[in-house]
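Undergrad: One structure, as structure tokens, below. Some questions next.
The values are calculated or read from the model by the stated rules, or taken from the named source; none is laboratory data. Since the model is a prediction, treat every value here as computed from it, not as a measurement. Reconstructed Cβ throughout: ideal geometry from the backbone, glycine too, with neighbour counts over all protein chains shown.
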Amino acid sequence: MRTDTAAPVRLEDYRPTDYLIDTVSLDVRLHPTATRILAELAIRPNPAGRAGAALELDGDELELVSVALDGGALAPGAYEASPSGLTLHAPPERAFRLSIETRVNPTANTKLMGLYRSSGVYCTQCEAEGFRRITYFLDRPDVMAVYTTRIEAEEAEAPVLLGNGDPVERGALPNGRHYAVWRDPHPKPCYLFALVGGKLGRVGGEIVTRSGRKVELGVYVEPGKESRAGYALDALVRSMRWDEQAFGCEYDLSVFNIVAVSDFNMGAMENKGLNIFNDKYVLASPETATDADYAAIEAIIAHEYFHNWTGNRITCRDWFQLCLKEGLTVFRDQEFSSDERSRPVKRIADVRALRAQQFAEDSGPLAHPVRPSVYREINNFYTATVYEKGAEVIRMLKTLIGPEAFKAGMDLYFHRCDGTAATIEDFLACFAEASGRDLSHFSLWYRQAGTPSVAVRTAYDAEDRTLRLDFAQSTPPTPGQTEKEPVVIPIRLGLVSAQGRGAPLKTADGRTLEDGLFVLDKTADSLTLIEVPADPVPSLLRGFSAPVRLEQELGPAELLTLFRRDEDPFNRWQAAQTYAMRLMVRAVEALRAQQPPEFDQGFAVALGELLAATDDHAFAAQVMALPSEADVARELGREIDPDAVLHARKALRSFVGQTAGDRLAQTYSRLETTGPYSPDAASAGRRSLRNAALDLLTAGDPGRGIPLAQAQFASADNMTDQIGALAILAQHPGPAREEALAAFGEHFAADPLVLDKWFGLQAAIPEAATLDRVRGLMRHPAFSLSNPNRTRALVGTFAMANLSQFHRADGAGYAFLADMVLQLDGSNPQLAARLLGAFRTWRSLEQGRRAQAETQLRRVAAKEGLSPDVSDIVTRSLA
Ligand code: 0A1
Ligand code: ZN
């Protein structure tokens, strides 16, 4: 196997830089193919570094035009320059000024890192290591400087010129050129640098912060799309208010700008005062965006804004500390969305996503700790583990020390670490101090990979009226970590009786369990509760109080008791999911033994009851959404046959749809809405339940559901209902589907973000013809592999969200993805590496597919000149 994998970077090798850069002054002359960057760096020896060391600046595909020291030319032998670095062999042992001129080609920059053009708009992406593609620099987050940026461009080409910080000056120049100067007074690492130049429309607003600072807000979008930017602006205002109230964080510049671009590798980027967004997470109108899109926009606008304190004011010492800003900021945006919408429903949605992404990652070859200790390519560590599990760790911390101590710890962190590049140790020290607790054991969550399992046995003694709960935890081995230690697991619990009253939780030593919290921090431990009335069902891990797998033996009657009566909405939902999962797992076993699957009525009847009784529509919709095929596959864990999983799930959905058909139909007609569309949570919940009801109804009786879906598709006045109907039609082969797909494709031919939904729906069809359909759609005029959103919608959905077709038994799905990865690797390695992640579960498949997957992984690995991104993923996947 051939790899070009870079040498690993290790946390234990961290040492401070030998030089510091205090100020950066940039003069950027924008040009489509030859942009010139003049950088003036004020550099001095770092007292914490090695005296007299060479100065080694990072570069990546750079062309050096000139370099000068304190205004004077450098002797040829005094430095060495290449596209990937600039070294001064013996820089002065005092402060000095280094002037560097580089030239870059933004149009040819298909990696979308550094300075590039997206639909003619100049923009930048510097996290993690993109600044070195603009100028030579100490490109690491612990080098913090004050930046002044002058941007110059042809006015007709780029009338809007934006930079970090506050605007200082702007003016016209001869020959139709103009310039703008921006200054950011807050020292920052270079990954937060940004500039934008182009023709852009703007919607603006203003906010006065709680200390009276006036802030001008701008959302910049493609001209003509201004009417779709209002919701993003509204979400920004709400985020700014919320951060003041919930975390005491106030904005610190006079301007806050957001720019939407159509070519972006990730969701968005928190550049200081100038967030740059994937336009998918800015643009929304009722006719083009779904309720889920609105919710995602709100969450990501908030996330990037919240980074201003958790990420920007306090940044990371090194990239191993990525979760310091990401886990914490995800936690903050989740709290925001919970406050703005329904907390239980948000929790359910987050846990669904955590299990789908992070649990999957944790159980395969790409598993790594929340804070990794080694990496070869940092771009590959923007993962569900760092982000979502990172947020879970913060949530557990809050659960363990309580909300008051948590608040005190956050306040201390903001106060003590402001303006620094910090570590997880710095962060935890604030909470240890604020709570008076020793958090050293807890900190294992940051170092140990893998999803712990908690097995529970319960024994009720009717005579003594005691309930004994025996807990045991274990974590399976992960790459590089074979031995695991027990972690600190906060288990929130309660008891539910068939009558529904929650019993008090008294322990054998006479205490009452505070907040129903039991902390499991050993391999095994037990808890005895006294004065327990007969027949309790333990409701464990309420609110999903820890990111673990719970193994609790509950029978169908007990699950239904929890589903009907638990006061904890998360566990009500969980009980239904567990029940459905069990039915599907049994159905898979039956199918693999050539038997027809059989289901009992109890589950479907209980769902019907919920439909009749509930007024929490969003919650009920979450219940109706049965575990996905991928969920079932994960539950099975090994020797997975995706076709059996598909058919088992279909069979259960059809059974439920038939059994609860009348209830579903009633729900569907009862929830019909009138009046104009509003994206608020209550209205969205209503739509989600109505669509979920139609989906199950159609699964049970297509003859009844399809005409309803067709009618809804034709008459919908909003994208949620239109795409909801189309998604249902897409699951049922026949002319109704093809007609609706054709109509949709035609109607939105000029709207690529909407077409992405259409690409995605078709890529997710669980039929053998889908691979050919996907290949055909790649020739659609709106499709382009150079646009990450298009590629993710079509190729990404096929690989990540179509279990049975990506994992086709003949291996054609794998071969297709390998082709795509190899093709993309030359232009956009980050995107290629992400797609390749679809193979992460390959070892858990039945052996025929496993062999096919391995063949394709080896084919990728054998390719000459792979990028470090793809090389790293393929190497780890095969290890
Ligand atoms: N810090 C961003 C995520 C991000 C990371 C890397 C990027 O490079 C392509 C872009 C964005 C966030 O957490 O939102
Ligand atoms: Zn982030």
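Undergrad: Does Ala158 fit the bill of being part of a loop (DSSP other than H, G, I, E, B) and within 30 Å of Ala34 (Cβ to Cβ)?
TA: Criteria met by Ala158.
Undergrad: Hey, any hits in the range 19-27 for a residue that's under 23 Å from Cys316 (Cβ atoms), among the charged types (D, E, K, R) and in the same structural domain as Arg132 (by TED's automatic domain parsing)?
TA: Checked against the condition, which is being under 23 Å from Cys316 (Cβ atoms), among the charged types (D, E, K, R) and in the same structural domain as Arg132 (by TED's automatic domain parsing), the range 19-27 yields at least one hit.
Undergrad: Out of curiosity, is Leu866 buried (at least 22 other Cβ atoms within 10 Å of the Cβ), touching a Leu at 6+ places or on another chain (Cβ under 9 Å) and outside any loop (DSSP other than H, G, I, E, B)?
TA: no
Undergrad: Where residues in the range 309-323 are within 12 Å of ligand 1 (Cβ to nearest atom) and of a type outside the set (Phe, Trp, Tyr), which of them is surrounded by the fewest Cβ atoms within 10 Å (Cβ to Cβ)?
TA: We begin by selecting, within the range 309-323, every residue within 12 Å of ligand 1 (Cβ to nearest atom); these are 310-312, 315-316, 319, 322-323.
With the extra rule that they be of a type outside the set (Phe, Trp, Tyr), the set shrinks to 310-312, 315-316, 322-323.
Values: Thr310: 27, Gly311: 25, Asn312: 21, Thr315: 24, Cys316: 23, Leu322: 25, Cys323: 28.
By that ranking, first place goes to Asn312.
Undergrad: Looking only at the range 711-735, which residues are under 27 Å from the mean Cα position of the chain (by Cα) and hydrophobic (A, V, I, L, M, F, W, C)?
TA: Correct list: Met719, Ile723, Ala725, Leu726, Ala727, Ile728, Ala730.
Undergrad: Quickly run through the range 502-534 and pick out the residues that are without any contact (Cβ under 8 Å) to a residue 24 or more places away in the chain and assigned to a strand (DSSP E or B).
TA: Once the filter is applied, which keeps residues that are without any contact (Cβ under 8 Å) to a residue 24 or more places away in the chain and assigned to a strand (DSSP E or B), the range 502-534 yields Thr507, Thr512.
Undergrad: Here's another thing I want to ask about it. Which numbered condition trips up Asp772, out of (1) under 28 Å from Glu287 (Cα atoms); (2) charged (D, E, K, R); (3) in a helix (DSSP H, G or I)?
TA: Looking at each condition in turn, Asp772 falls short on (1).
Undergrad: Please verify whether the range 255-264 includes one or more residues that are within 26 Å of Ala128 (Cα to Cα), among the charged types (D, E, K, R), touching a strand residue (DSSP E or B) at 6+ places or on another chain (Cβ under 7 Å) and crowded, with 21+ Cβ neighbours inside 10 Å. First the steps, then the outcome.
TA: Within the range 255-264, the first condition is being within 26 Å of Ala128 (Cα to Cα), and the residues that meet it are 255-264.
Now restrict to residues that are among the charged types (D, E, K, R): 263.
With the extra rule that they be touching a strand residue (DSSP E or B) at 6+ places or on another chain (Cβ under 7 Å), the set shrinks to 263.
Filter again for crowded, with 21+ Cβ neighbours inside 10 Å, leaving 263.
Yes, some residue in the range 255-264 is within 26 Å of Ala128 (Cα to Cα), among the charged types (D, E, K, R), touching a strand residue (DSSP E or B) at 6+ places or on another chain (Cβ under 7 Å) and crowded, with 21+ Cβ neighbours inside 10 Å.
Undergrad: Further, regarding this structure: Given (1) in contact with a Lys or Arg (Cβ under 8 Å, 6 or more places away or on another chain); (2) farther than 30 Å from Val215 by Cα, identify the lone condition not met by Thr149.
TA: Tallying (1) in contact with a Lys or Arg (Cβ under 8 Å, 6 or more places away or on another chain); (2) farther than 30 Å from Val215 by Cα, Thr149 fails exactly one: (2).
Undergrad: If you take just the helices (runs of 4 or more DSSP H) that sit entirely in the range 680-763, which of them hold at least 1 residues that are of a type in the set (Ser, Thr, Tyr) and modelled with pLDDT of 95 or more?
TA: 681-700, 702-715, 719-730
Undergrad: I'm trying to understand the selection: among the residues of the range 535-594, which are in a helix (DSSP H, G or I), more than 29 Å from the chain's Cα centre (by Cα) and either closer than 18 Å to Asp515 by Cα or among the aromatic types (Phe, Trp, Tyr) (or both)? Please lay out each step first, then the result.
TA: Taking the range 535-594 and keeping what is in a helix (DSSP H, G or I), we get 556-565, 569-592.
Remaining after also requiring more than 29 Å from the chain's Cα centre (by Cα): 556-565, 583, 586-592.
Result: Phe563, single match.
Undergrad: Cβ contacts < 6 Å: first residue acidic (Asp, Glu), restricted to the range 449-470; second residue not in a loop (DSSP other than H, G, I, E, B), any location; separation 6+ or different chain. Result?
TA: Asp470/Arg457; Asp470/Ser526
Undergrad: While we're here: Looking at the range 325-384, which of its residues are surrounded by 20 or more Cβ atoms within 10 Å (Cβ to Cβ), within 16 Å of ligand 2 (Cβ to nearest atom) and of a type in the set (Val, Ile, Thr)?
TA: Passing the criteria: Thr329, Val330, Val370, Thr383.
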